[in-house]
Amino acid sequence: MTDNTQRVAIVTGGARGIGAATAQRLAADGLAVAVLDLDEAACEGAVAAVEAAGGRALAVGADVADAEQVAAAVERVASGLGAPTVLVNNAGVTRDNLLFKMSEGDWDTVMGVHLRGSFLMAKAVQKHMVDAGWGRIVNLSSTSALGNRGQANYSTAKAGLQGFTKTLAIELGKFGVTANCIAPGFIVSDMTRATAERIGQDWDTYVAARAAQIPVARAGEVADIAHAVSFFVSEGAGFVSGQVLYVAGGPRA
Ligand SMILES: NC(=O)c1ccc[n+]([C@@H]2O[C@H](COP(=O)([O-])OP(=O)(O)OC[C@H]3O[C@@H](n4cnc5c(N)ncnc54)[C@H](O)[C@@H]3O)[C@@H](O)[C@H]2O)c1
């Protein structure tokens, strides 16, 4: 069994929100963490938070949908922190619209970040996991995978990630690598703030309305998701693979 302090994680979309909270949580668990996001400078806050708590982190700028940038980023992590054996595919975007108004560009952007991005990242990182005979992949799905008005692109991508995860679990299991999915419900973040703005709703009213639909009667926090990631990454979760965990304050949404 390897001590967590020798392990290196990559968290995509780590500059803010769920990704930044996950980076902090994994660092608190003892891992060194690469905070990867589109703009390297935007990662500095998340890196500083990890370092202030005594952890080790590296800011890496890359677009997960770009194969060359992904390859370069993973190499940089390997030389800067050590071979990455934990990957959290968290980078995400929304381009919501009803089907008849959804542009091809908005479809392609969402598929590119979530599906192509997770594919490229997993492909680049798996060789380090296979070499180590140990690895953890956690993909961020969503309750939107079950269907959500105005999100034909996003719900398709998030459902696709569940199939991707199950296949990685089957292919990589014999190398000591697990792959699991977390499907968050409503989580307070810049992404959900942008949704409230787009539909013209006051934030507090929007949160209260969403919370009223949630069995535990509150909105989710980024730490709720980071906690679930920490479980899947933990040594003891080595027999849990190919699963989808809905973290939504209730059974599904
Ligand atoms: N907030 C929610 O309620 C919620 C619910 C279900 C699922 N999720 C999923 O959780 C993940 C994180 O969501 P969040 O709420 O923290 O969102 P967020 O918008 O606050 O953060 C997403 C991050 O991803 C980065 N990113 C976007 N495109 C990228 C790219 N091509 N390459 C690298 N980085 C990129 C952004 O710059 C940003 O820092 C997403 O995959 C999202 O779909 C969120």
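The values are calculated or read from the model by the stated rules, or taken from the named source; none is laboratory data. Predicted, not measured: the structure shown is a model, and the values here were computed from it. Every residue, glycine as well, gets a Cβ built from its backbone with ideal geometry; the counts of neighbours run over all protein chains shown. Remember, those area values only see protein heavy atoms, side chains included, never the ligands or the DNA or RNA. Shrake-Rupley method; radii C 1.70, N 1.55, O 1.52, S 1.80 Å.
Below are the figures for this structure:
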{"item": "Unsatisfied cross-links (Cα-Cα over 22 Å) in the set LYS123/LYS166; LYS127/LYS158; LYS127/LYS174", "result": "LYS127/LYS158"}
{"item": "Rounded Å value of the spacing that divides the Cα centres of the range 155-223 and the range 20-69", "result": "20 Å"}
{"item": "Top of PHE186, PHE232, PHE100 by mean-square fluctuation, Gaussian network on the chain, Cα under 10 Å", "result": "PHE100"}
{"item": "For TYR154, solvent-accessible area (1.4 Å; no DNA, RNA or ligand), Å²", "result": "20 Å²"}
{"item": "At 0.890 mPa s and 25 °C, Stokes D of the range 8-149 from Kirkwood alpha-carbon radius, µm² per second", "result": "160 µm²/s"}
{"item": "Cβ-based net charge around TYR206, under 10 Å, with every Lys or Arg adding one and every Asp or Glu removing one", "result": "-1"}
{"item": "Whole-Hz couplings from phi, Karplus 6.51/-1.76/1.60, listed for the range 35-49; x for Gly and Pro", "result": "9, 10, 7, 4, 10, 4, 4, 5, 7, 4, x, 5, 5, 4, 5"}
{"item": "For the range 1-154, accessible area per residue (1.4 Å probe, heavy atoms of protein chains only), Å²", "result": "42 Å²"}
{"item": "GNM result for the chain, Cα springs below 10 Å: residue of ILE199, ILE225, ILE214 fluctuating most strongly", "result": "ILE199"}
{"item": "Helix-only [θ]222 nm of the chain, DSSP H runs n ≥ 4, -39500 (n - 2.57) each, per residue, nearest 500", "result": "-13500 deg cm²/dmol"}
{"item": "Accessible surface of the range 125-253 [probe 1.4 Å, protein heavy atoms]: carbon and sulfur percent", "result": "55 percent"}
{"item": "Per DSSP, loop trypsin sites (Lys or Arg not before Pro) in the range 110-196 with at most 14 further Cβ within 10 Å", "result": "ARG149"}
